[in-house]
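Asks: Quick one: the structure is below, and I'll ask about it shortly.
Each value in this text was obtained by applying a stated rule to the coordinates, not by laboratory testing. Nothing here was measured: the structure is a model prediction, and the numbers come from that model. Neighbour counts run over all protein chains shown; Cβ positions are idealised from the backbone, glycine included.
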Amino acid sequence: MKFSFSKWHGLGNDFVIVNGFTERIDNYPQMAIEVCDRHFGVGADGLVVLLASEVADFQMRIFNSDGSEAEMCGNVTRCMARFVYDHGLTDKTKITLETKAGIIKPELIFIDGTLSTIRVDMGMPRLKRSEIPMNGNESEEVINELLVVEQSDYHITCVSMGNPHCILFVDNIADANLSVIGPVIETNSIFPRKINVEFVQVINKQKVRMRVWERGAGITMACGTGACATLVAAVLNGKTDRQAIVELDGGELFIEWGQDNHVYMSGPAVEVFSGEYL
């Protein structure tokens, strides 16, 4: 199947974006597996398709490298906002994007005519077990709760930013074995739709260091929704202020948990190249 695409990344979390207005893909999950393969395909953490929406300016569907569909992705939201602007699909600097997690509102911030950052209103964090989702008392919040996995104890805080996140605070991020612990927690039966796993070291009240095991993708260089969930978890555990820098493998995001209960994420989006998939 032949189609045009554009390769983007947000702090190294990379995506193949396809304009669904002009290009056709018959099987999104299968194509995601093929395109995202880093040896035989383009190579990416996900395939993202831009589509028409009846409730927002645009719709995007996000498919992980294993073919599973994600509800939301913060990094690709920034990429998509810049994609539609740079490619002349809109002249708006603030748009609405329909996702499976609801409508997300990214804004391109220009200073003296130069793009400075992309700030995204990620909406309100969801904290109840039923909203994450997570087995147990549906109305309870999961804050510093003990989870025993394969005879090891982990204290977890769970947050949904439209997609599920499990945050573990660690003393030294360098000692966190993501490739071993991540998939075990991701697939634990307590999480009926699996979960993203964030390992977080608190530097100070205004900065944390985070690494992520992403559901359906494995270790990635950044996760925007994970950074948002991390700040919320850090605030709930009294570890940071409501504004902080989240340092990821691919760079830094500035996250704010506003008094309106919305979480705001600011960071870059970069187009790497465009081409045709044959």
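Asks: How about the range 55-104: which of its residues are without any contact (Cβ under 8 Å) to a residue 40 or more places away in the chain and acidic (D, E)?
Replies: D91, the sole residue that qualifies.
Asks: Just to be sure I understand, how many residues within the range 198-227 are touching a helix residue (DSSP H, G or I) at 6+ places or on another chain (Cβ under 6 Å) and under 17 Å from M124 (Cα atoms)?
Replies: 2
Asks: Is it true that some residue in the range 148-169 is small (G, A, S), farther than 28 Å from S266 by Cα and assigned to a strand (DSSP E or B)?
Replies: yes
Asks: Among what's in the range 1-38 and is under 22 Å from L253 (Cα atoms) and touching a strand residue (DSSP E or B) at 6+ places or on another chain (Cβ under 6 Å), pick the residue that is surrounded by the fewest Cβ atoms within 10 Å (Cβ to Cβ).
Replies: K7
Asks: Let me ask something else. Taking strands (runs of 3 or more DSSP E) that fall entirely within the range 59-140, which contain at least 2 residues that are surrounded by fewer than 16 Cβ atoms within 10 Å (Cβ to Cβ)?
Replies: 102-111, 114-121
Asks: While we're here: Please list, ordered by first then second residue, the pairs with beta carbon atoms under 8 Å, 6 or more apart or interchain, first in the range 3-28 and free of Cβ contacts under 8 Å to residues at least 12 places away in the same chain, second surrounded by fewer than 24 Cβ atoms within 10 Å (Cβ to Cβ).
Replies: Once the first residue is free of Cβ contacts under 8 Å to residues at least 12 places away in the same chain and sits in the range 3-28, no partner that is surrounded by fewer than 24 Cβ atoms within 10 Å (Cβ to Cβ) comes close enough.
Asks: On the basis of being within 17 Å of A217 (Cα to Cα), of a type outside the set (F, W, Y) and assigned to a strand (DSSP E or B), does D14 make the cut?
Replies: Judged against the criteria, D14 is a match.
Asks: Then there's this: Quick one: how many residues across the range 108-142 are of a type in the set (V, I, T) and closer than 16 Å to C166 by Cβ?
Replies: 2
Asks: Of the residues I185, I255, I219, I190, which single one is farther than 26 Å from D86 by Cβ, touching a Ser or Thr at 6+ places or on another chain (Cβ under 9 Å) and of a type in the set (V, I, T)? Explain how you work it out, then say what you get.
Replies: Working: I185 fails: touching a Ser or Thr at 6+ places or on another chain (Cβ under 9 Å); I255 fails: farther than 26 Å from D86 by Cβ; I190 fails: touching a Ser or Thr at 6+ places or on another chain (Cβ under 9 Å).
Going through I185, I255, I219, I190 in turn, just one is farther than 26 Å from D86 by Cβ, touching a Ser or Thr at 6+ places or on another chain (Cβ under 9 Å) and of a type in the set (V, I, T): I219.
Asks: Being in contact with a Cys (Cβ under 6 Å, 6 or more places away or on another chain) and free of Cβ contacts under 8 Å to residues at least 60 places away in the same chain is true for just one of I111, I156. Which residue is that?
Replies: Details: I111 fails: in contact with a Cys (Cβ under 6 Å, 6 or more places away or on another chain).
It is I156.
Asks: A further question follows. What are the pairs, 6+ residues apart or on separate chains, where a residue within the range 169-197 that is without any contact (Cβ under 8 Å) to a residue 40 or more places away in the chain has its Cβ under 6 Å from a residue that is part of a helix (DSSP H, G or I) and surrounded by 16 or more Cβ atoms within 10 Å (Cβ to Cβ)?
Replies: K194/E186; N196/G226; V197/G182; V197/I185; V197/E186
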